[in-house]
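Right, one structure below, let's go through it.
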Amino acid sequence: MKKTSLIYIPLQRSQATYRLLCFPYAGGSAATYMQWAEQLDADIELAVIQLPGRGIRLVETAYSTMEEIVDAITNAMNLLQDKPFVFFGHSMGARVAYEVCLALEKKRKLLPVHFFASACAAPNIERELPPTYHLPNKVFLDKIAALNGSPQAVLEDEELMELILPALRADFKIIETYCNKNKHTLPLGVSVLVGSSEKFKPAALENWFDLFESNTGIHTLKGDHFFVDKNKQSVIDFINTTVTCQLATAEPA
């Protein structure tokens, strides 16, 4: 598979039982997950989503709607039906992954066998903060910097930011205007992960449980909203344990 593909497998494991498909957060890229490949259990093959407008696809036009992203991902998944999927989505990625599940079910395609919702309120929780995607560049970037997820050197690189800004704005427009009040229950299990210093209201996380047939609870990992980057080993360990201990006993779909 080419590195410019929407779904990229950095380390092919033909004998693996499961394929872990990782969805990036707003403004994020496949780079967040690439180092996971060798640290996942041998029974898990890593697949990462590389959206246009960032990373190796920096010069491409970013998707501007949730529908565009979901259509592109579900179409790309048609070529990867040899193993059952496990979904991992962080922040915006969790909501995109959820919408992909709904689209797969509607098209009567195979659903993932498990879902990891990381650092994200349930899809039916409306955003309380005012939108930022339309703000002037400096104000918008100040808001991004306050999230503490981007290196200061990147934020201060004017040429790089000029290239990145369209994708950032597109992503934030999607997450800041998205809400799905659907109460349909998907026939799979969910694990909810949250950083120890994040300030989610309990209902924002617990509402995930209403959307899935089963759940493993809410799991707190040390760190802020970007614990997926700063405490990645704990995330990988949790995924390995969950997949091998809780899913390996079930017959793959």
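The values are calculated or read from the model by the stated rules, or taken from the named source; none is laboratory data. In this text, all values refer to a predicted model and were calculated from it rather than measured experimentally. Glycine gets a Cβ as well: all are built from the backbone with ideal geometry, and neighbour counts include every protein chain shown. In case anyone asks, the SASA skips ligands and DNA or RNA and just uses the protein heavy atoms, side chains included. Shrake-Rupley method; radii C 1.70, N 1.55, O 1.52, S 1.80 Å.
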Return the distance in nm (one decimal) between the two label points of a simple spin-label model at LEU58 and ASN75, each offset 7 Å from Cα along Cα→Cβ. 2.6
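Going highest first, how would you order 188-196, 104-112, 17-25 by mean Cβ packing within 10 Å? Kindly include the intermediate steps, with their values, before the conclusion.
Working: 188-196: 20.6, 104-112: 14.3, 17-25: 24.3.
Ranked from most to least packed, the peptides come out as 17-25, 188-196, 104-112.
Ignoring ligands, DNA and RNA, what percent of the 1.4 Å accessible area of the chain is carbon and sulfur?
Working: 6400 of 12170 Å².
Of the solvent-accessible surface of the chain, carbon and sulfur hold 53 percent.
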Calculated mean projected area of the Cα convex hull in nm² (choose from (1) 15.0; (2) 16.7; (3) 12.6), label: (3)
Any chance you could look up the accessible area of LEU135 with a 1.4 Å probe, heavy atoms only, rounded to 10 Å²? 40
Amide H to amide H, which residues 5 or more places from ALA26 or on other chains are under 5 Å from it, using H placed in the peptide plane? MET92, GLY93
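Per residue, how many Å² of accessible area does region 1-109 show with a 1.4 Å probe? Present the calculation step by step, with values, prior to reporting the outcome.
Details: 4520 Å² over 109 residues.
Dividing the accessible area of region 1-109 by its residue count gives 41 Å².
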Among TYR133, GLN35, MET77, whose Cα lies farthest out toward the positive end of the dipole of the chain, if unit charges sit on the beta carbon of Lys, Arg (+1) and Asp, Glu (-1)? MET77
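For the chain, what is the mean residue ellipticity at 222 nm derived from helices alone (per DSSP H run of n ≥ 4: -39500 (n - 2.57); sum divided by total residues; nearest 500 deg cm²/dmol)?
Numbers: 9 runs with 84 residues, N = 253.
Computed ellipticity for the chain at 222 nm equals -9500 deg cm²/dmol.
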With every protein chain kept in the model, how would you rank HIS114, HIS134 by accessible area, 1.4 Å probe, largest at the top? HIS134, HIS114
Given 0.36 nm per residue, what is the gain on full extension from ASP82 to LYS201 after removing their alpha carbon distance, in nm? 38.9 nm
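Give LYS107/LYS230; LYS107/LYS181; LYS201/LYS230; LYS181/LYS222; LYS143/LYS230 a once-over and call out the pairs whose C-alpha atoms are over 27 Å from each other. Numbers along the way, then the final one.
On the way: LYS107/LYS230 37 Å; LYS107/LYS181 20 Å; LYS201/LYS230 23 Å; LYS181/LYS222 30 Å; LYS143/LYS230 20 Å.
In this structure, LYS107/LYS230; LYS181/LYS222 exceed 27 Å between Cα atoms.
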Between the alpha-carbon centers of region 170-229 and region 6-63, tell me the distance in whole angstrom. 20
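For GLU38 and LEU11, compute 0.36 nm times the residue count separating them, minus their Cα-Cα distance, and round to one decimal in nm.
Details: separation 27, 0.36 × 27 = 9.72 nm, distance 0.75 nm.
Stretched out fully, the GLU38 to LEU11 stretch lengthens by 9.0 nm.
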